[in-house]
Structure formats: structure tokens, C-alpha cells
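The values are calculated or read from the model by the stated rules, or taken from the named source; none is laboratory data. Please read all numbers here as calculations on a predicted model, not as lab measurements. Using ideal geometry, Cβ is built from the backbone for each residue, glycine included, and neighbour counts are taken over all protein chains shown. For accessibility, only protein heavy atoms count, side chains too; no ligands or nucleic acids. Shrake-Rupley method; radii C 1.70, N 1.55, O 1.52, S 1.80 Å.
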Amino acid sequence: MLLELRDVSVYYGTAMAVTDISLKQEEGSIVSVIGANGAGKSTILKSINGLVSIHSGTIEFDGKRIDGSGTDAIVKAGIACVPESRKLFPYMTVQSNLRLGAYLRKDKQGIQEDLERVFTLFPRLKERLKQKAGSLSGGEQQMLAIGRALMSKPRLLMMDEPSLGLAPIVIDTLADTILEINRGGVSVLLVEQNAGLVSRVAQDCYVIEVGRIVLEGDIKDMMSNDSVRRAFLG
Amino acid sequence: MGDASILQAVLNGLTSSGQYILVALGLTLVLSIMNIVQLAHGEVYMIGSYVVYYFSTSLGLNFYLSFIIAVVAAGVLGIILERYFLRPFRARPDKAMVLTAGFILVFQNLVLAIATGTPKTYKTPYEGAVLTIGGSALSVERVVIIIVAFVLIAALFLFIRFSRNGQAMEAISQEREGAALQGISVDRLSAIAMFVGCALAGIAGGLVGSLFSLLPTMGGTVLIKGITIIILGGLGSIPGTVIGGLVIGFLDGLIPLFTTQYVASLIGFIIVILILLFRPRGLMGHESP
Ligand SMILES: Nc1ncnc2c1ncn2[C@@H]1O[C@H](COP(=O)(O)OP(=O)(O)OP(=O)(O)O)[C@@H](O)[C@H]1O
Ligand SMILES: [Mg+2]
């Protein structure tokens, strides 16, 4: 297993945000977590990132415990994230944002190669290299957030509602991008609210409601089961 | 007013600016990385002066060596403050800030207990030396302060702009969580910010201390000036801090030529308030992204 969460619970103060979350992801796969507003999707990603500490349970990456480690160690281990609302450095150029994605890396040669790879994936970013991140369009900002995450050369790329605020046609391109990244050998953990994007890219899917996993399985089976689809997938 | 007195006023303006900017840059660094105004920053400046005094006058050590000891001591004090007192309150910057207010009293009373409240003075090896330019005599002590200050300001600029840690600091100041997600350690860069910021305050204190008598309360004025400068410059902006420092320093140096010292400091603050009325985010503050 590349990633394995066992019975993870997270509290904010005294309020329980997620309870007994168990989730597995194999290397090379695209796994998805679906849930409504406030279900706890971002909390799960933040617990993997080390941005929130877990109350109980364990998180293993590549067979090693990572819960309790600092976010820097977790990034170094090979987990990158495209966070909710992107969290770019708005007053820095596209170039500086990308360079900071490779903050922990020392291999100049490899960084340059990955930069070229990002430009192949998003030629638009190459045109906008000297522009401030905050001045990009929503779609371009999403490209930059993905590009920045790829610059750390991750084994696992986590994405928190990447389709949010994007036009339907841009979401189509996003699906292709995710598949392309995955073909390059990067596992993807995709968090989404609507099943549309998920059903185009993911296989295994976990449905989460008010902090608990209520359903797991193949997204295509779920989508073809009418009652399931109406109950959980909107 | 003759050319000589204008040159003198400019020199005074630059001296004040240099000193204030060195202090205010530390406030800016710490504010942008740790989200607090480090209220005991004036005391670090004060301690810088006292350490030079102690080693050069009480122990009779070489001035330059004493100065280096003071700068290192101030920087290490910054690291200790960050590691053991501010870091535990990382999630609660408001509490950390109250703690720094407490350290004002701790440091002032510590120095009072060790050095007593009697004003202290020390001399630089170049005390009284003058440089004659265009018929006016310029104090070498002031020229040294100006040169050291502006060289350090330039160095800090280059550090932030081009070094890996400098860019990481910039990243944290713009987007904390985004920075953490790139593997940037906020703890490590907070320690660096406190080291650099406090060392700069120590340098300012060590350089300026020879111009007047030292008192344990001397940090108060520079803190007020420093806070005024960072508000004027636009909170968290390094170029803004430099420009704000030049404005405040020159108001300090020039207005007394036309009026009394008391009216001068009043006019200074009125001008600052006027600027902020028109640019509420300060001179170089970012508009919302
Ligand atoms: N910092 C916080 N402090 C307190 N409660 C929080 C905090 N962050 C999230 N919560 C709460 O925890 C629960 C889960 O939030 P989370 O952000 O993980 O949901 P989500 O599924 O990502 O929602 P969305 O689709 O809106 O992004 C919600 O009830 C939310 O109100
Ligand atoms: Mg969320």
C-alpha cells in the first residue's frame, strides 16, 4: 500500500471533524473521496499533510508511520498537495511559485526537467512566467497550483476540490490533466463534491458524510446503482 | 540657512533613518513570519548597547570585538526567545505578543539590576574624528552608522530576493499554509527571522550607543519609531520599511531646524497620520490580491 489510514479521528477543539476514517490507496492508482460541504474532506487531507494532528488512529505512507511528522518531512517523503482555494503566493511570479514547489529539492538537473514537464502539461504557464500569480485567471491559477505541487516530484498528489469555481469546459481539461499526471506514475488522491469529475478519472471511491465513511467501492458501480447515486452522489 | 547646515541636517536625517530602519526591519521580518509585533524589540536594541558598554568599558576589551559579541548576543537572544517562549504559542500569536510585552519589563529590570540606572557611556576608537566635505565637518561616527546601516539594508534585500531561505520567508508572509505545503518549515524560518531581526537591532544599539548615554529604558523610543515606520511603510513590506524609515528619519533630522524638538516630534506624527489617511495600507502595502 502506498497510503493507508486506519481509524483516523480528528477534533477541532472539542468538536469531532472526522471519525474512524480508514482508507487505502495502492501505488499508481487514482482514489477519490466524495462528500458534501463540511463532510470532512479537507480535514482528511490536512491530517495526511500533518497540518492538523490526529486524535487517534494511524497514517502510513509507503509502510512508514507519518502521523505526528512535520509537514516538511511529509512533503519530503513524497506527498504533495493542491489545496482548497489553491493557496498560491499571490505577489510572486509564476516562476517563483514553481521554484518554491521544489523548495526541498537539491537536484538542479531534475528540477529543470520537471519544470519542462510542467510546461508541456501547461504551456500557458510558460507564457505567464513573469506574471504575478494573483493576476492569473482561475483556470491558470489551478494550473499553477498543480504545477507547483508537481515540482516537488511527488509519489502521491492530493487534490482538494480542484474543479471548484472552474467552467465545465475547463473541468473537462482538468480530467485529462489528472489522467496524464497519473500516467506519468504519480498516484492521485482526489477530493471532490460532485461525482462528475471523479467518475471520469477515479476507480476506488470513498463517500463521506458528517465525518464518517458511509460507502466505498468502484465509482462506476455506484453511479450505475440509482438509489446509491441519488442518496450519496447528488 | 546655509549649505553646511543643510548637509548637516541630511547627515542627521540619514543617521536617524539608518538606525530606525535597522530596528524596524527586525519588526517587519518577525511580523511577516510570526504574525506578531515583537514588543521587546527595543530592549534587544538596548541590550546591544549595554553589551558593547560592558565588554569595551567595564572589561576594557577592543571596541570592534565588543561590538561583534553584542551582535551575536542579540541574535542568540532572539533564537532563545523564539524557541522557548514564542514557539509554544505558534497557534496563538495574540498570546505570544502579550508575552513579548512582558519581556520589556524582564529585560529592563534585568539590566537595571546588573548595570544600575546610572547613565553609561562608551567611546568608539574613532570618536571625535571628522571628515571634511565641501567645507563642512561630518562626524565619522555618524558616517559609519549610515554606511553600515545602508550596506546591511542592501544585504537584507538581496537575501530576501535571491536566497532560498529569503524566498521561503517571502512565501510564508504571503501564504502561510501554502508555504508549509511546499515543505517550508515555519519553525525554522521563525528562528532565522528572530536571529536576523534581533542581530540587526543589536547592531543598531551597538553603533548608536556611543552617541549618547545608555539607560535601561532607552528601547522605548526606538520601538515607537519602529512601529510607526512599519505602519507607515505598509505592514510586512521590506521596501516599505526602508521608505518609511527614511521619511521618519528625515522628519526627525529636518523639522528641528525650523522649530523646537517638541513641536518637531508632534509634526512628525501629524505628517504620518496624514499619509495614512490617503494610503491606509501604508506607502508600500499590498492592495488585496
Ligand atoms: N479550523 C477549524 N476549526 C474548527 N472547525 C473546523 C475547522 N476546519 C473545519 N472545521 C469543521 O470540521 C468539519 C469538516 O470540515 P472540512 O473543511 O474538512 O470539510 P470539507 O468536507 O472539506 O468541506 P468543504 O466542501 O466545504 O470544503 C466542518 O464541520 C467544519 O465546520
Ligand atoms: Mg474542504
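Odds and ends about this structure:
- Highest average packing first - B:15-25, A:121-131, Cβ atoms within 10 Å: B:15-25, A:121-131
- Axial C-alpha extent at least 20 Å, average Kyte-Doolittle at least 1.0 - helices from chain B (DSSP): B:3-34, B:63-80, B:93-115, B:140-162, B:186-208, B:219-233, B:238-254, B:261-278
- Residue ranking by accessible heavy-atom surface, 1.4 Å probe, largest first, among B:Phe159, B:Phe269 comes out as B:Phe269, B:Phe159.
- Selected from A:Arg155, A:Arg212, A:Arg117 as most flexible by GNM, with chain A as the system and alpha-carbon contacts under 10 Å: A:Arg117
- Overall form of chain B per C-alpha gyration tensor (a/c, 1.5; a/b vs b/c): oblate
- Based on Cα atoms of the range B:10-81, Rg over Rh with Rh as the Kirkwood radius reads 1.04.
- With both labels modelled 7 Å from their Cα along Cα-to-Cβ, the B:Leu276 to A:Glu180 distance reads 5.0 nm.
- Nearest-0.05 FRET efficiency for B:Lys95 and B:Ile133, computed from C-beta distance (R0 41 Å): 0.20
- Portion, in percent, of the accessible area of the range B:3-278 that falls on carbon or sulfur, probe 1.4 Å: 72
- Spatially proximal lysines relative to B:Lys225 (Cα-Cα < 30 Å; intrachain offsets below 8 disregarded): B:Lys95, B:Lys120, B:Lys123
- GNM result for chain B, Cα springs below 10 Å: residue of B:Gly249, B:Gly78, B:Gly117 fluctuating most strongly: B:Gly117
- Judged by the gyration tensor of its Cα atoms, with axes a ≥ b ≥ c, the range A:57-216 is oblate; a/c meets the 1.5 cut and b/c is at least as large as a/b.
- Efficiency of FRET between B:Phe85 and B:Leu105 - r from beta-carbon atoms, R0 22 angstrom, step 0.05: 0.95
- Trypsin sites (Lys or Arg not before Pro) within the range B:68-114, DSSP loop, no more than 15 other Cβ atoms inside 10 Å: B:Arg90
- Surface exposure of the range B:3-278, expressed per residue as accessible area with a 1.4 Å probe, stands at 42 Å².
- Share, in percent, of DSSP beta bridges within the protein assembly as shown that are antiparallel, nearest 5: 60
- The protein assembly as shown: C-alpha gyration tensor shape, a/c 1.5 cut-off, then a/b vs b/c: prolate
- Theoretical FRET efficiency, 1/(1+(r/R0)^6), r = Cβ-Cβ of B:Val263 and A:Leu104, R0 51 Å, to 0.05: 0.40
- Test item: Cα-centred dipole of chain A, Lys/Arg +1 and Asp/Glu -1 on Cβ, debye: 940
- Max mean-square fluctuation residue, GNM over chain B, Cα-Cα springs under 10 Å, options B:Gly134, B:Gly75, B:Gly206: B:Gly134
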